[in-house]
Amino acid sequence: MIKFIGEYTAKIDDKGRLVLPSAFKAIMAADSRVSGSEDAAGEADMRMVIKKDIYEDCLEMYTYDEWVRQSEELKSRLNFLKREHAMFWRAYMRDRALVEPDGKLGRISIPKKLLESIGADKEVVFSGNDHKIEIWAKERFESNEVTDEEFVALAGMLSD
């Protein structure tokens, strides 16, 4: 399983494209070689799924394999004959984008609606968060930092 680590800033170009950090591309390419998830031409599977985070003003980006794994796990817990489950699934699947870096620069195109939903218009921060990458408007990322005291309090709550 891929582990994304690190924070990288990127500018949004006039067409709404961003360059995926090379460190993340390298991790994905290495994982594809190890896991054998390359395509018929021997190219790494670089597809990513992007969605709005439920709790924060950021986007979540998953490798396609991780997205499939999570979606199947969630779907297995639902009963589509129950209206609430069907409504939840429909809402859960809305506003998703499948992206793949271009071969030249590694640019990805994120739909404008998703970028607007997090307030991103000029710069974003790609933040490696283990199994996913979070994409934040730079200003919101910088203002959303947890203080040392808050982190210690959260650690204490989780250790009980």
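Just a few scattered comments:
- Members of segment 28-47 found to be crowded, with 17+ Cβ neighbours inside 10 Å and modelled with pLDDT under 90, listed by number: 28, 31, 32, 44, 45
- Considering (1) farther than 16 Å from residue 116 by Cα; (2) at pLDDT below 95, the lone condition that residue 13 does not fulfil carries the number (1).
- Per-region count, segment 4-22, residues out of contact with any helix residue (DSSP H, G or I) (no Cβ under 8 Å at 6 or more places or on another chain), surrounded by fewer than 18 Cβ atoms within 10 Å (Cβ to Cβ) and assigned to a loop (DSSP other than H, G, I, E, B): 3
- Residues (outside any helix (DSSP H, G or I) and β-branched (Val, Ile, Thr)) located in segment 135-155: 135, 146, 147
- Complete set of residues in segment 90-134 that are in a helix (DSSP H, G or I) and exposed (fewer than 14 other Cβ atoms within 10 Å of the Cβ): 90, 91, 93, 112, 113, 116
- Test: residue 81 is in a loop (DSSP other than H, G, I, E, B), surrounded by fewer than 13 Cβ atoms within 10 Å (Cβ to Cβ) and in contact with a strand residue (DSSP E or B) (Cβ under 6 Å, 6 or more places away or on another chain): no
- Taken together, the residues in segment 48-72 that are crowded, with 16+ Cβ neighbours inside 10 Å and not in a helix (DSSP H, G or I) amount to 11.
- Qualifying positions in segment 110-160 - in contact (Cβ under 8 Å) with a residue 60 or more places away in the chain and of a type in the set (Ser, Thr, Tyr): 117, 127
- Sole exception among (1) modelled with pLDDT of 95 or more; (2) under 21 Å from residue 68 (Cβ atoms) for residue 125, by number: (2)
The values are calculated or read from the model by the stated rules, or taken from the named source; none is laboratory data. All figures in this text were calculated on a predicted structure; none of them were measured in a lab. Neighbour counts run over all protein chains shown; Cβ positions are idealised from the backbone, glycine included.
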